[in-house]
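Visitor: This is the structure I have questions about; it appears just below.
Laboratory data are not the source of any read-out in this text; all were calculated from the coordinates shown. As the structure is a prediction and not an experimental result, all values here were calculated from the model. Every residue, glycine among them, receives a Cβ derived from its backbone with ideal geometry; neighbour counts consider all protein chains shown.
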C-alpha cells in the first residue's frame, strides 16, 4: 500500500476509534492523603478486632480525625480504601459490591460522609480476574466498574496488577480502565501499579504510562522497616535517569506509603523517609493509625515547610547527585529558582558524623553566586543565614538520618532584600492614617 494510503487508513481509524488519554486535570502536585494497607493489611475480623478491621467505621473515623487534628488543613485530602473491602461475588447485575457486614451502609454513603468533611474517597481494584487478596477483579468489567465508582462518588482509584494472566491483558487493562474512567465524566484520580508488574519481564514504557495514569508504582510494597525504605530510595536512585524525566504535574512516580508513626522506624529514619519522599516529589499517602499517632510523628507529617516543598508548583522530581563516604546527596529544583537538598547518612553504626558541604561543588553552584540564603528544614528548622559560593556547611547527621535544607538563588535574595528595604522605608513614612 502507498504511504499516503497508510496515512489515510490511520487517520480514519483514529476518527473511528479515538485515543482518549487521561485528561482529568488532577494531581497537579503530588497526591496527599491516607491509605489503609501497610498498617491494617487485610484484617477482616470485625468480631474479634472491630477497632482495626477493614470496615466503614475505620474510614469514617479517619475522616473525622483528618478534619479535627489538622490533617486536612495541612493538605491531606484523600481517605483511601485498599484491598479487602469487597464481597466475595458481584451482584446479580455483575456490579461490584462491598462486604455487607463490614460496609452495611454501602460505598455511596461512605463517600457522602467523607465528602461532607471536605475530603475525598479513594478505592481499590485490580486489573486481573482477582485482587491480590482474592476478591473479584475488574478484568472484563472495566467500563462497568468505572461507572460504578463514578456512581458511588469515588475520587481516586488504586488499580493493582495481581492475577493479570498475560502481559497484553495487563497493559491493555490499565489503558482500558483509564479510558473507562475518562468516559464516566467524573474526575477520578488514577493510581496505577502498571510498571511494578512489568519490570520482572521488561523495562516499562514510561511515556506510555504517564499518558494514562496520575501516578504509578515502580517497586515492591513498603514495609514498616528501614531496610524496606532504603531499598525503595536505592531503586529510585539507580533508575532516576529513566523515571525522573517523566514525572511532573499530572503524573508522578509513587514509591509507596509513608509508614511514619508506626513501629519499625527510629525517629531519624522517620525524618529520612519524609525528607526523601519530599525530595522525590512522591505522593504523600500515609499508612498509620491517626487515632493514636504520637505527637512527634504528627508534627513531622504536618510540617508546613516540608509540605510546601512537596507541593512546589514547578513539579520537578529530585535526584541523587552524589554518593561519598556513605553519604548520599540529593537535589530537587523548586520554583523561583530555589533548590532543596537532602544529605542522607547511610552509615548505621557509631554516632553522628560531620559532612562538610562546599556549596561551590553543587551542580547548581550558581545558586550561591555571589550569595544565597540557606535554610535548614530537617531535622529541625534553622536559618543558616546568607552564604557565598565558597561557604562550607558543616552538617552533623545521625546514623540513618537526613538533613534537608533549601537554597534561595541570589536573585531571590536580592528580591527579598529589596522587599525588606521597601518595607522599612514604608515604616519610616508611616502616618497615623496609614492602614499598615
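Visitor: Quick check on the chain: of the DSSP beta bridges with both residues there, what percent are antiparallel, nearest 5%? Let's see the in-between values first.
Guide: Details: 37 of 61 bridges.
Rounded to the nearest five, the antiparallel share is 60 percent.
Visitor: In which sequence would 66, 60 go, from the one with the fewest C-beta neighbours within 10 Å to the one with the most?
Guide: Details: 66 25, 60 17.
The order, fewest Cβ neighbours first, is 60, 66.
Visitor: Report, in degrees rounded to the nearest 10, the 0 to 90 angle that the Cα long axis of helix 167-183 makes with the longest principal axis of the chain.
Guide: Taking Cα atoms only, the helix is inclined about 80 degrees.
Visitor: Oh, and also: Just the Cα atoms of the chain, one point each, no solvent: what log10 I(q)/I(0) does Debye give at q = 0.08, 0.10 Å⁻¹?
Guide: Normalising to I(0) and taking log10 leaves -0.51, -0.76.
Visitor: Using only Cα atoms, tell me the angle between helix 226-238 and the longest principal axis of the chain; keep it within 0 to 90° and round to the nearest 10.
Guide: Computed tilt is about 80 degrees.
Visitor: Here's something else I'd like to know. Please arrange 73, 38 by how many other C-beta atoms lie within 10 Å of their C-beta, fewest to most.
Guide: Values: 73 12, 38 22.
So the residues, fewest neighbours to most, are 73, 38.
Visitor: What ranking, highest mean first, results for peptides 231-241, 146-156 when packing means the other Cβ atoms within 10 Å averaged over each residue? Provide the component values of the computation, followed by the final result.
Guide: Details: 231-241: 17.0, 146-156: 21.9.
Those peptides, ordered most packed to least, come out 146-156, 231-241.
Visitor: Using Cβ contacts closer than 10 Å as the measure, can you line up 80, 53 from fewest to most? Show your work: numbers first, answer last.
Guide: On the way: 80 27, 53 19.
Fewest-to-most Cβ neighbours within 10 Å comes out as 53, 80.
Visitor: Another question, if that's okay. For the chain, what does the helix formula give at 222 nm: sum of -39500 (n - 2.57) over DSSP H segments with n ≥ 4, over the residue count, nearest 500 deg cm²/dmol? The partial results should precede the final answer.
Guide: Numbers: 15 runs with 148 residues, N = 436.
After summing the helix terms and dividing by the residues of the chain, the value is -10000 deg cm²/dmol.
Visitor: Ranked from highest to lowest mean number of other Cβ atoms within 10 Å per residue, what is the order of the peptides 276-284, 21-29, 159-167?
Guide: On the way: 276-284: 26.1, 21-29: 16.0, 159-167: 17.7.
Ranked by mean Cβ neighbours within 10 Å, highest first: 276-284, 159-167, 21-29.
Visitor: Can you give the angle from 0 to 90° between the axis of helix 410-428 and the longest principal axis of the chain, with both taken from C-alpha atoms, to the nearest 10?
Guide: Orientation of helix 410-428: about 70 degrees from the principal axis.
Visitor: Another one. Whole number please: convex hull volume per residue, Cα atoms of region 319-416, in Å³.
Guide: Values: hull volume 8.3 nm³, N = 98.
Cα convex hull per residue, to the nearest whole number: 84 Å³.
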